[in-house]
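The values are calculated or read from the model by the stated rules, or taken from the named source; none is laboratory data. For clarity, every value in this text was computed on a predicted model and none was experimentally measured. Counting neighbours? That spans all protein chains shown, and the Cβs are built from the backbone with ideal geometry, glycine included.
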Amino acid sequence: MMTTLPPTNPGGLISMRIPFSLMHPKKGEMTVTMNSSEGNVWLPEVTILEPKELTLTQKALLDSQTYRERALTINNLNIPNRAYYYKADGTVQSQTIYISDELTDHSEIGISFNVAVLSRGTSVIESPVSDEFIESLHSIGIGRYDNFGRRLYPFNQAEITFKDSEGKGLSLHDGDLFLGTFDLHYIDHIELVHEDQNRRVKVLTLNLGAYAGIPMNQYLNELPVGMSAQLVSSIRLGSNTSLISTIGGSYTRNDLIRWGTPIALVNENSLYQLEGYLGVSIHHRSGLITTYGIQHEEYSMFAKPIPEMGLIPPVSSTNKTPTWWELTPDQFGGKASGFKIPNDQYFDLVVGVQKKNMAVNFFLKEDLKVNNAPDLQLGIQLIKRFRNKSVHF
């Protein structure tokens, strides 16, 4: 049932999607899954300085300073440095299509591809993730007007820009279409328990997968490969109710097949993703199945740490730095990292409806950190199974 909706920072847009499934395959059956999501991202423009060489005295001085003080020291002492520039603002609409074919009763092979569009968030369909709506929720929920300083900046902008010290990077603006990756997947479903009446366990399955992604854009110059594992259980609570739970993760290597020099935004050799789901499935007399659940996701960094980083704060239209930036230097990894764009933990509410060989799932996604990047995502997932007549959890 689940395929993770993509994060809205550039690292997530570039990277491949890892599918997680709660459905047990049937031989000769094909499944088509379509995900559509939208989310808001905002980080004011910031310049990050990385010293090239430091004396012991300079290093000791920078170690004792905050990230802002380090930037001033690097400039005042004319320390040679590499400069990085980053800015993100707008609404991202993302679509993913995943097609799988069941090779046997316990294995499947699949392909997927993804595409995203950056926009200002002014249309009716984007209103739930617009700047105005999100800041209204912040004011109501927190009880303090503009608690994060978001209103110091213009609303309804659309720009994602990154530039590393070599001048390489990406630049997206309103209406730009962004291609992600074309992915190949293989999943083996190992059934550990089936219809254990004593333990009330209906299904306990271990899903083992392998995957590879082919970049469809000029920013990703590597072919990521990886493996995934997921444990899925369904416990009968009553005659028509089941408790569904899953825990799993994936590990991706980006440096096995690589050409040229990657941009610094996505240059980490190893990436991980962890995911868990807990929900209730209710079977109705009409044949309709409804599901209600919560999902948690966690991602690793997309870029390697940069030591002794100096951060030049964003510049607002009123020359005032937002309070949330002052409170969260760790969002950029403190002294350790310049690009830990804080989108690495999510909490999802999931509601689904299923009948026969068709399922629809609705997502409401929120990041677990106060950072506005990204903030609030909505999604819908359509699943259609062909040839066989029924779908079972």
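Just to check your reading of the model, which residue among Thr66, Thr55 is more than 30 Å from the chain's Cα centre (by Cα), of a type in the set (Val, Ile, Thr) and surrounded by fewer than 16 Cβ atoms within 10 Å (Cβ to Cβ)?
Thr55
Does Gly248 qualify as being of a type outside the set (Ser, Thr, Tyr), crowded, with 21+ Cβ neighbours inside 10 Å, more than 30 Å from His283 (Cβ to Cβ) and under 21 Å from the mean Cα position of the chain (by Cα)? Steps first, please.
Details: of a type outside the set (Ser, Thr, Tyr): yes; crowded, with 21+ Cβ neighbours inside 10 Å: yes; more than 30 Å from His283 (Cβ to Cβ): no; under 21 Å from the mean Cα position of the chain (by Cα): yes.
The answer is no for Gly248.
For Gly180, are the conditions met, namely being at pLDDT below 90, in a helix (DSSP H, G or I) and under 30 Å from Gly279 (Cβ atoms)?
no
Tell me, please, whether a residue that is at pLDDT below 85, over 30 Å from Thr261 (Cα atoms) and surrounded by 19 or more Cβ atoms within 10 Å (Cβ to Cβ) can be found in segment 184-191.
Within segment 184-191, none of the residues are at pLDDT below 85, over 30 Å from Thr261 (Cα atoms) and surrounded by 19 or more Cβ atoms within 10 Å (Cβ to Cβ).
Being touching a strand residue (DSSP E or B) at 6+ places or on another chain (Cβ under 9 Å) and within 21 Å of Phe363 (Cβ to Cβ), is that true of even one residue in segment 68-90?
Within segment 68-90, one or more residues are touching a strand residue (DSSP E or B) at 6+ places or on another chain (Cβ under 9 Å) and within 21 Å of Phe363 (Cβ to Cβ).
Please give the number of the condition Gln93 fails out of (1) touching a residue at least 60 places away in the same chain (Cβ under 8 Å); (2) under 20 Å from the mean Cα position of the chain (by Cα); (3) assigned to a strand (DSSP E or B).
(1)
Which of the numbered conditions does Asn217 fail, given that it passes all the others? Conditions: (1) crowded, with 18+ Cβ neighbours inside 10 Å; (2) in contact with a helix residue (DSSP H, G or I) (Cβ under 8 Å, 6 or more places away or on another chain).
Of the numbered conditions (1) crowded, with 18+ Cβ neighbours inside 10 Å; (2) in contact with a helix residue (DSSP H, G or I) (Cβ under 8 Å, 6 or more places away or on another chain), the odd one out for Asn217 is (1).
Test Ala71 against the criterion of being in a strand (DSSP E or B) and modelled with pLDDT under 85, and give yes or no. Before you say what the answer is, go through the steps one by one.
On the way: in a strand (DSSP E or B): no; modelled with pLDDT under 85: yes.
Against the criterion (in a strand (DSSP E or B) and modelled with pLDDT under 85), Ala71 does not qualify.
Considering only residues that are out of contact with any Asp or Glu (no Cβ under 8 Å at 6 or more places or on another chain) and not β-branched (Val, Ile, Thr), look in segment 257-269 and name the one that is nearest to Leu349 (Cα to Cα).
Taking segment 257-269 first, the residues out of contact with any Asp or Glu (no Cβ under 8 Å at 6 or more places or on another chain) are 260, 266-268.
Narrowing further to those that are not β-branched (Val, Ile, Thr): 260, 267-268.
Details: Gly260: 41, Asn267: 31, Glu268: 30 Å.
Restricting to residues being out of contact with any Asp or Glu (no Cβ under 8 Å at 6 or more places or on another chain) and not β-branched (Val, Ile, Thr), the top hit is Glu268.
Output the residues belonging to segment 69-83 that are buried (at least 16 other Cβ atoms within 10 Å of the Cβ) and without any contact (Cβ under 8 Å) to a residue 60 or more places away in the chain. Before the answer, list the steps.
The first filter runs over segment 69-83 and keeps only residues buried (at least 16 other Cβ atoms within 10 Å of the Cβ), leaving 70-71, 73-74, 79, 81.
Within segment 69-83, Ile79 is the sole residue that qualifies.
Is there a residue being loosely packed, with under 15 Cβ neighbours inside 10 Å and under 30 Å from Thr261 (Cα atoms) anywhere in segment 146-168?
yes
Go through the residues of segment 251-271 one by one and say whether even a single one is in contact with a Ser or Thr (Cβ under 6 Å, 6 or more places away or on another chain), buried (at least 16 other Cβ atoms within 10 Å of the Cβ) and under 30 Å from Thr291 (Cα atoms).
Within segment 251-271 (the criterion being in contact with a Ser or Thr (Cβ under 6 Å, 6 or more places away or on another chain), buried (at least 16 other Cβ atoms within 10 Å of the Cβ) and under 30 Å from Thr291 (Cα atoms)), the answer is no, since none of the residues qualifies.
May I ask you to verify whether Leu54 is in a strand (DSSP E or B) and either over 27 Å from Phe133 (Cα atoms) or modelled with pLDDT under 85 (or both)?
No, not satisfied.
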